[in-house]
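The values are calculated or read from the model by the stated rules, or taken from the named source; none is laboratory data. Note that the coordinates shown come from a computational prediction; the quantities given were computed from them, not determined experimentally. So basically every Cβ, Gly included, is an ideal-geometry build from the backbone, and we count neighbours across all protein chains shown. Remember, those area values only see protein heavy atoms, side chains included, never the ligands or the DNA or RNA. Shrake-Rupley method; radii C 1.70, N 1.55, O 1.52, S 1.80 Å.
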Amino acid sequence: MSPDPGPLGLIAGGGQMPLRVIAAAQAAGRQVFAVVVEGWAEPADFSHVPHVVVRVGAGGYAIEQFRAHGVRQIVMCGRAQRPSLMAIRPDAGMARMLVRVGIAAWQGDDGLLKAVVRILEEDGFEVVPSQAIVRDILPEPGLLGATAPGELARGDIRRGIAVVRALGAADVGQCAVVQQGLVLGVEAIEGTDALLARCAGLRREGPGGVLVKLVKPGQDRRVDLPTIGPVTVAGAAGAGLVGIAIEARGTIVVDRPATVAAADAAGLFLLALDPDEFLKETTP
């Protein structure tokens, strides 16, 4: 029998994913202690579990709380808004962490998160991916809904894969919107929802575009995996897109039944793909 891992620690951002982690952990008989990041998550959503609310710069206090509650394993998930370093106002513990992070603090999200994971592990914690707690949230390759992409959309997906991979290699973003071969927008610090809202005013006449969302090359898959859900589908429909393509086994689908139902209702395709295999396919 494996030793008791103790309470699961959760660094909670916005959206439904942190709540799904809590529900899955509790269903498995495990207690959860949550650090709710102020301004990212709604504290009232965590009233059913032991938790503290911390500002972004209070990393030292958060670590102290994890230790006080016997946490050894930590999940980091949920929407986050990365602040400027000048706005963090670090506590003493966070200031020491920033020194240890070093130049990664000035890099993209993946570089910074890798450094944070390294520091947590050096301090004796194990960083656990959310998909290890919530099963079946990473779809296998294939259509998830009733609608399939046409050949024009497949061409836009191929273009999107190339663009998103270039973005990811520079540690900038995880997705792009492509219509008729034109890149309407790429994700940077604003996030997917804001990208889709911006692209709604940029669409061209004719068949709508596609949202392509992939894992960054070399990304640590324990944190910040690309994520979609019903809100993403609503944004894609509002932007006049015809579908969403995501990386299979690498993109979290929050509330898959509701996400697929929303896509079907909007007439959007929802395709999980292996980017390399997709690019190998020949045009009929």
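Here are a few things to note about the model shown:
- Among 97, 265, 184 - extreme Cα towards positive end, dipole of the chain, charges at beta-carbon: 97
- When the charge dipole of the chain is built from unit charges on Cβ atoms (+1 for Lys and Arg, -1 for Asp and Glu) and taken about the Cα centre, the candidate among 44, 223, 169 whose Cα reaches farthest toward its positive end is 169.
- Computed magnitude of the charge dipole of segment 11-78 (debye, nearest 20; Cβ of K, R +1, Cβ of D, E -1): 240
- Principal-axis tilt of helix 256-266 within the chain, Cα atoms, nearest 10 degrees: 30
- Matching label, Cα extents along the principal axes in Å computed from the structure shown, candidates (i) 60, 46, 36; (ii) 59, 41, 34; (iii) 53, 51, 41: (ii)
- Accessible surface of residue 232, taken over heavy atoms with a 1.4 Å probe and every protein chain present, rounds to 10 Å².
- Ellipticity estimate at 222 nm from DSSP helix runs (n ≥ 4, -39,500 (n - 2.57)) divided over the chain, nearest 500: -10500 deg cm²/dmol
- Given R0 = 45 Å, the distance between the Cβ atoms of residue 204 and residue 26 translates into a calculated FRET efficiency of 0.40.
- Alpha carbon centroid spacing (whole Å) that separates segment 1-74 from segment 176-208: 34
- Electrostatic dipole magnitude of the chain [Cβ: Lys, Arg +1; Asp, Glu -1; Cα centre; debye, to 20]: 280
- For segment 16-69, the per residue solvent-accessible surface stands at 48 Å², with DNA, RNA and ligands left out and a 1.4 Å probe.
- The chain: antiparallel DSSP beta bridges as a percent of all, rounded to 5: 30
- Total charge dipole magnitude, segment 130-187, about the Cα centre, Cβ charges on Lys, Arg, Asp, Glu only, Debye to nearest 20: 120
- Each Cα pair under 8 Å and six or more residues apart adds its separation to the average, and for the chain the resulting relative contact order is 17 percent.
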